[in-house]
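Working notes for the structure below.
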Amino acid sequence: MLLLVLLQAVVKAEIYRLGATISAAIIAIAASYGISKIGSQAINATARQPEAANDIRTTMIVSAALIEGVSLFGVIVCLMAFFF
């Protein structure tokens, strides 16, 4: 789907749409990388200190939610730049 949007932006030759599309893709990739790093570090921390698993899990969920919220905001800004 992202490829179709990217191709539509290139065909219309409007460079700001191409930039918005690439920005949305970068935001999605960065958010998924950040959440995966949080998950892997939480698993490592839980393996080292099993008694703190509940606190680590709570912190992981809050951090992942904040990253997801920021990335959603970024994608919405990019979509607004794409369509308006």
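Rounded to whole numbers, the Karplus 3J(HN,Hα) couplings from phi for segment 35-52 are 5, 5, 5, 4, x, 5, 5, 5, 5, 4, 5, 5, 5, 6, 10, x, 6, 9 Hz, using 6.51 cos²θ - 1.76 cosθ + 1.60 with θ = phi - 60°, and x at Gly and Pro. Highest mobility in the GNM of the chain, judged by mean-square fluctuation with C-alpha springs under 10 Å and restricted to 65, 47, 20, is found for 47.
For the chain, what relative contact order do you get, as a whole percent, if you take Cα pairs closer than 8 Å and at least 6 residues apart?
Working: 50 pairs, mean separation 36.0, N = 84.
Computed over the chain, the figure is 43 percent.
GNM on the chain, alpha-carbon springs under 10 angstrom: the most fluctuating residue among 27, 67, 15 is 15.
FYI, it's all coordinate maths here, none of it is from the lab. Treat the numbers as computed from the prediction; the structure is a model and nothing was measured.
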